[in-house]
Every structure is written in structure tokens, then in C-alpha cells.
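The values are calculated or read from the model by the stated rules, or taken from the named source; none is laboratory data. Given the structure is predicted, the values throughout are model-derived calculations rather than measurements. Neighbour counts are summed over all protein chains in view; Cβ atoms, including those assigned to glycine, are modelled from backbone coordinates with ideal geometry. Surface areas here come from the heavy atoms of the whole protein model, side chains and all, with no ligands, DNA or RNA. Shrake-Rupley method; radii C 1.70, N 1.55, O 1.52, S 1.80 Å.
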Amino acid sequence: MGAPVRVVLVDDHEMILAGLQAMLAGFAGRVRVVGQAGTGEEATRLVTMLRPDVVLLDVRLGPESGLDLCRLLTGRVPEARVVFLSVYDDEQYVFEALRAGAGGYLLKRVDGPELVRRLEEVAQGETVVDPTLAGRMAVTAARLTRGEFWPGANRGLTQRESEVLSLLVGGLSNKAIAARLVLSEETVKSHLRALYRKLEVTDRSAAIAVALREGLFR
């Protein structure tokens with residue numbers, strides 16, 4: 001047998017971290033937890049210092065985005081593979097995670113033996129997806145290819161984010177978008193932040209430019 005897979009755990013809930021530690025303790029010959037973190041800043045420091053084989057990461061870290069942290073970590077320590085461990089069983093999250101550079105996406109209901117096996121596979125360079133999501137992803141990918149979803153779905157936009165982007169392209173202000181969709185302005189701003197991240201832009205004009213360049217709206 002080779003050396004154990006070295007893992008850093010990242011989650012903003014202490015109970016989850018403790019549970020993972022306890023779950024993996026029974027597989028010490030195959031997996032070794034070398035550190036744990038509850039924030040993006042702490043995770044970045046630990047991963048940079050420890051350079052683990054795998055980072056087991058939640059999609060959301062309180063107000064922080066696990067997806068943004070994944071991009072940061074894979075850019076800074078490319079040899080450390082990121083695996084998301086999430087409660088969100090939506091294939092759109094999986095597509096977005098893989099686009100962010102993750103090597104896997106598992107659900108938090110995974111048991112110990114399955115988790116260890118998946119961590120070993122990722123450490124060996126494989127990409128792993130929770131079996132309950134894999135089939136749905138294949139169907140979704142086929143439908144995306146046929147153009148059966150809303151504009152921007154292939155970039156990970158939700159249907160609501162696509163609607164907000166459409167109105168943005170139409171020149172509406174946040175207030176006008178909120179009135180049209182019967183949302184609060186704060187909710188509109190939240191959708192805008194999400195679609196900016198997914199389109200890899202930082203402001204309205206850049207988002208509109210991407211939408212027009214890619215033919216999402218005309």
C-alpha cells in the first residue's frame with residue numbers, strides 16, 4: 001500500500017469537521033487529515049503551507065463562496081485537488097464546481113468507505129461525482145447541447161439569473177428589474193453577484209458584453 005492520502009478539511013460548521021474527523025479516523029492507513037479550517041483565509045494559509053493531496057471543501061463557507069476559494073486554491077497550489085462535499089444535490093452546482101477547477105463533487109450523506117475510496121481516486125488524478133448526480137448530469141449535458149434550457153444555462157446560470165441578465169441587457173436598472181420580477185432590490189443584487197461570478201466579470205457592462213458576444217440575448 002502507498003502512503004495515505006493527505007487531506008485538509010474546510011467547513012464553517014465545527015460539528016461537520018468533527019464528524020469528518022471521526023469518520024476518517026477509522027481509515028488512518030488510507031487517509032490522513034493533516035489540517036482543518038473554517039474560513040477561506042485559514043484554508044488558504046493551511047493549504048499553501050501543508051500542500052495536501054486533497055482539500056475537502058464545502059460549497060458555502062458562511063458568507064464566503066467555496067467556488068471562489070476553489071479557484072484560488074487550484075491556482076495557488078495546483079497539485080492539491082479540491083473535492084466539494086455539499087448538501088446541494090443540484091447538477092448545476094456540479095457543473096459550476098468542475099468549471100471552478102474541482103476534482104470532485106460529493107454529497108454529505110456519503111458514508112466512510114465511499115468517501116475514502118473517492119478521495120483516493122481524486123488523489124490519483126480522477127474526477128469523481130456522487131453517483132446520485134452522475135446520471136442527471138449526463139441528461140442535463142445532453143439537453144444543454146440541444147439548447148433545451150434557458151439562455152446562459154451552459155454557463156451555470158439559473159433560470160432566474162438568466163431572467164435578470166435579460167433585463168440587464170434590456171437596459172433596466174436594479175429597481176426596474178426588481179419591479180418587473182416582483183423581487184426586492186437586494187435579491188436582484190444577489191442574483192447579479194452570482195451571475196457576475198459565473199460569467200467571470202465584475203460589473204454590469206461586462207456582463208452585458210458577454211451576453212451579447214455569446215448570443216445569449218439579442
Extended-chain gain in nm, criterion 0.36 nm per residue less alpha-carbon gap, GLN159 and GLU114: 12.9 nm
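Whole number in Å², please: accessible area per residue of the chain, 1.4 Å probe, ligands, DNA and RNA not counted.
Spelled out: the 1.4 Å probe surface of the chain, per residue, equals 49 Å².
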Hull-based mean projected area of the chain, where the convex hull spans the alpha carbons, in square nanometres: 12.9 nm²
Simple Cβ-charge dipole of the stretch 1-126, Lys/Arg +1 and Asp/Glu -1, about Cα centre, in debye nearest 20: 440 debye
Distance (nanometres) between label positions extended 7 Å along Cα→Cβ at LYS175 and GLU200: 3.5 nm
Simple Cβ-charge dipole of the chain, Lys/Arg +1 and Asp/Glu -1, about Cα centre, in debye nearest 20: 540 debye
Surrounding net charge for GLY35, when Lys and Arg each add one and Asp and Glu each subtract one, Cβ distance under 14 Å: 0
Charge dipole of the chain about the Cα centre (unit charges at C-beta), most positive-ward option of ALA25, VAL210, GLY112: VAL210
Rg in Å to one decimal, and Dmax rounded to a whole Å, for the stretch 149-214 via C-alpha atoms: 10.6, 29
Phi-based couplings in Hz for the stretch 178-183 (Karplus 6.51, -1.76, 1.60; Gly and Pro marked x): 4, 5, 5, 9, 6, 10
Surface share of carbon and sulfur [accessible, 1.4 angstrom probe, percent] for the chain: 53 percent
